[in-house]
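Have a look at the structure below, then the notes.
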Amino acid sequence: MRPAMKLEYAVFDVNARRAEFPLLDQSINAQPLVYLDNAATTQKPLVVLEAIDSYYRSINSNVHRGAHTLADRATTAFEDARARVAGFINAPAPEQLIFTRGTTESINLVAQSWARPQLRPGDEILVSGLAHHSNIVPWQMVAAATGARVVPIPITADAELDMSAFTALLGERTRLVALEQVSNAMGSIHPVEQVIAQAHAAGAVVLLDGAQSVAHLPVDVQQLDVDFFAFSGHKMYGPTGIGGLYGRRELLEAMPPWQGGGEMIETVSFERTTYAALPYRFEAGTPHIAGAVGLGAAVRYLQGLDRAAMYAHEDALLAYALELAADFPGFRLVGRAARKIAVLSFLLEGGHPHDVGTLLDRQGVAVRTGHHCAQPAMTQFGIPGTVRASFALYNTREEVERLFAALEKVRTFL
Ligand code: PMP
C-alpha cells in the first residue's frame, strides 16, 4: 500500500464515478450487486460504451487510409487510440505499441517472435512462482521447441518475490525474466525496478505482465526501462478482445513477424514478401478497430480522473477490508505482501472456496473463486484455491461492509 497517498482519499468522488458505470446499477439474486471480481475484468464506463456505439454507427470501415472517407476516419480513430494508449504508459512512440487481443496474446507474440528464434538449449527463462498461466505456458512451449528451460523464481510465505533467490538464479544462461508487475492471485506488487536493473546487468531481457498493474498503479515504461510490457484493455475499464504490447524499438525492429496475412506486408510476390514497418508488421489481418477505439476512450476516461486520489481510494478500501478481516472468525488471508493492490485473497475456515463464492453470489456479491490461473502458486501454498475479492475505482466502503456481512451469513451455513 502507499500510505503517502492516503490523504487524498477524501477528494475521490466514488459516487459520481459509480453513476458512470451503468452495469453496476442492478440487482443480482434480489440484492443490489456488489461487483468484486475486478481482477478478472472491470466494468465499462458509459464513455467507453458510447465510443464503441458511435464508432459502429457512424465510422465503421476497414483501416486502410486513402480508400475512401470512412476508411480514412476509421484509420484516424484507430491510430488516435494507439497514440493515446501509448501515451498512457509513456511509450516513446505510438508505433512501439502493438495492438493485440490482450496480455495473453502479447506474451505469446514475444514468445514466438522474440524468444523462439534465438533461444538455444540450456538458455533460461525466469518466471515468477506466482505467475498467471499465460506467463508460464507460452514459455514452456518455446522451451520445448528450443531446448531452453523455464525456471521458477521462488515466492516467500508472504507471497513476495524472493529477491535473494532471484539474485542467485540470475546468471549468464538467463536470457529472459518474465514477471507479473502485480500478482492476480494475491495482489502482491513486485519490486520490478530492482528486478529490471538486475536482469539488465546480467544481460537478460525483461517482459512485464501488466495485466493487473496498468489500472491500479502508475506505469511508465521508459522510467521502468522495461523491454516488453503486456496488458489487457478489459482490466482497465476498456473492452474485451483488445490490449497491447509495448516493446523497446531495437527489439521490435529485429523481431520477425509472428502471424502472416493482410495489413502486415509491404509487398507480396510468390518469390519474396517484404514486411511492413512497426507496428503493422505485428498486426496481421483486420484489427479490432472498435475495441481499440473503446480502449482509447477508457484511457481518456482514466486520464480525466485524479489518479493519485483513485489509487488512494483503492488502497483505503483494502485497508478497510483488512481491518474487518482481522476481527472475522476463521478468516485466513492468503498473500501478505507488504505492497499490494486492493486484492483480498482468502479462505474461510470450514468452507471450500467454491461454496463460499456461491453463497456470496446468492447475496449479490460477485467474487472469484478457484486457482485464479495460478496453479503453481496454489500448490506452493498447499491450498486448492482461494476466494478473491478484488476492488476497482467504483467500489465503496459500504460494499466492503456488504462483503463482510455476507460472509457472516456464509459462516452460518458452514
Ligand atoms: N496475467 C495476469 C496477471 C492476469 O491477471 C491475467 C488475466 N487474469 C492475464 C495475464 C491474462 O490476461 P488476458 O486473459 O486478458 O489475456
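The values are calculated or read from the model by the stated rules, or taken from the named source; none is laboratory data. In this text the structure is predicted, and so the values were computed from the model without any measurement. Backbone-built Cβ (ideal geometry, glycine too); neighbour counts: all protein chains shown. For the accessible areas, the whole protein counts, side chains as well, though only heavy atoms, and no ligand, DNA or RNA atoms are used. Shrake-Rupley method; radii C 1.70, N 1.55, O 1.52, S 1.80 Å.
Checking segment 65-77 against the condition returns no match, with no residue being in the same structural domain as ARG173 (by TED's automatic domain parsing) and within 16 Å of the ligand (Cβ to nearest atom).
Say we look at segment 183-194 and pick out the residues that are more than 15 Å from the ligand (Cβ to nearest atom) and assigned to a helix (DSSP H, G or I); which of these is most open to solvent (accessible area, probe 1.4 Å)? Even if it seems obvious, please write down each step before you answer.
Residues of segment 183-194 more than 15 Å from the ligand (Cβ to nearest atom): 191, 193-194.
Restricting the remaining residues to those that are assigned to a helix (DSSP H, G or I) gives 193-194.
Working: GLU193: 109, GLN194: 92 Å².
Only one residue tops the list, namely GLU193.
Restricting segment 198-214 to residues that are closer than 20 Å to ARG120 by Cβ and within 20 Å of the chain's Cα centre (by Cα), the residue that is nearest to the ligand (Cβ to nearest atom) is LEU207. As an exercise: evaluate ALA168 against (1) closer than 17 Å to VAL206 by Cβ; (2) away from the ligand (no atom under 16 Å from the Cβ) and give the number of the one condition it does not meet. Failed condition: (1).
Within segment 78-108, the set of residues being within 16 Å of the ligand (Cβ to nearest atom), in a loop (DSSP other than H, G, I, E, B) and open to solvent by 10 Å² or more (accessible area, probe 1.4 Å) comprises ARG101 only. Per this entry, GLN140 is not counted among residues that are open to solvent by 10 Å² or more (accessible area, probe 1.4 Å), more than 24 Å from HIS371 (Cα to Cα) and not assigned by TED's automatic domain parsing to the domain that holds SER345.
Of GLU50, GLU124, all but one fail to be charged (D, E, K, R), farther than 23 Å from HIS190 by Cβ and either open to solvent by less than 10 Å² (accessible area, probe 1.4 Å) or away from the ligand (no atom under 16 Å from the Cβ) (or both); the exception is GLU50.
Within segment 163-181, can one find any residue that is in contact with a Leu (Cβ under 9 Å, 6 or more places away or on another chain), in contact (Cβ under 8 Å) with a residue 12 or more places away in the chain and of a type in the set (Asp, Glu)? So far as segment 163-181 goes, yes, one or more of its residues are in contact with a Leu (Cβ under 9 Å, 6 or more places away or on another chain), in contact (Cβ under 8 Å) with a residue 12 or more places away in the chain and of a type in the set (Asp, Glu).
Just give me the residues in segment 116-137 being over 20 Å from GLN375 (Cα atoms) and either β-branched (Val, Ile, Thr) or not in a helix (DSSP H, G or I) (or both), in sequence order. If the condition is that a residue be over 20 Å from GLN375 (Cα atoms) and either β-branched (Val, Ile, Thr) or not in a helix (DSSP H, G or I) (or both), then LEU119, ARG120, PRO121, GLY122, ASP123, GLU124 are the ones that fit. Within segment 14-30, residues that are farther than 16 Å from ARG307 by Cα have Cβ atoms under 7 Å from residues that are open to solvent by 50 Å² or more (accessible area, probe 1.4 Å) and in a loop (DSSP other than H, G, I, E, B) in these pairs: ASN29/ARG362, counting only partners at least 6 apart in sequence or on another chain.
List, please: which pairs have Cβ atoms under 8 Å, are six or more places apart or on different chains, and start with a residue in segment 112-131 that is among the charged types (D, E, K, R) and end with one that is part of a helix (DSSP H, G or I)? The qualifying pairs are ARG116/VAL142; ARG116/ALA145; ARG116/THR146; ARG120/THR146; ASP123/THR146; GLU124/LEU169. Checking the stated criteria, ALA93 turns out to be in contact (Cβ under 8 Å) with a residue 60 or more places away in the chain and among the aliphatic types (A, V, I, L, M). The single residue among ALA111, ALA131 that is more than 26 Å from GLY304 (Cβ to Cβ), touching an Asp or Glu at 6+ places or on another chain (Cβ under 7 Å) and within 16 Å of the ligand (Cβ to nearest atom) turns out to be ALA131.
Residues to consider are HIS352, HIS371, HIS313; find the one that is in contact (Cβ under 8 Å) with a residue 24 or more places away in the chain and within 16 Å of the ligand (Cβ to nearest atom).
Working: HIS352 fails: within 16 Å of the ligand (Cβ to nearest atom); HIS313 fails: within 16 Å of the ligand (Cβ to nearest atom).
That would be HIS371, the only listed residue that is in contact (Cβ under 8 Å) with a residue 24 or more places away in the chain and within 16 Å of the ligand (Cβ to nearest atom).
Examine segment 319-326 for a residue that is among the aliphatic types (A, V, I, L, M), at negative phi and crowded, with 22+ Cβ neighbours inside 10 Å, and state whether such a residue exists. Yes, some residue in segment 319-326 is among the aliphatic types (A, V, I, L, M), at negative phi and crowded, with 22+ Cβ neighbours inside 10 Å. The single condition from (1) in contact with a Gly (Cβ under 6 Å, 6 or more places away or on another chain); (2) farther than 26 Å from ALA338 by Cβ; (3) within 16 Å of the ligand (Cβ to nearest atom) that GLY261 fails is (3). Test GLN118 against the criterion of being within 16 Å of the ligand (Cβ to nearest atom), assigned by TED's automatic domain parsing to the domain that holds TYR246 and under 20 Å from PHE229 (Cα atoms), and give yes or no. It is false that GLN118 is within 16 Å of the ligand (Cβ to nearest atom), assigned by TED's automatic domain parsing to the domain that holds TYR246 and under 20 Å from PHE229 (Cα atoms). Of the residues ALA406, ALA389, ALA377, the single one that is part of a strand (DSSP E or B) and surrounded by 16 or more Cβ atoms within 10 Å (Cβ to Cβ) is ALA389. The set of residues in segment 352-374 being of a type in the set (Gly, Ala, Ser) and at pLDDT 95 or above consists of GLY357, GLY364, ALA366.
Across segment 255-312, the number of residues qualifying as of a type in the set (Asp, Glu) and loosely packed, with under 12 Cβ neighbours inside 10 Å comes to 2.
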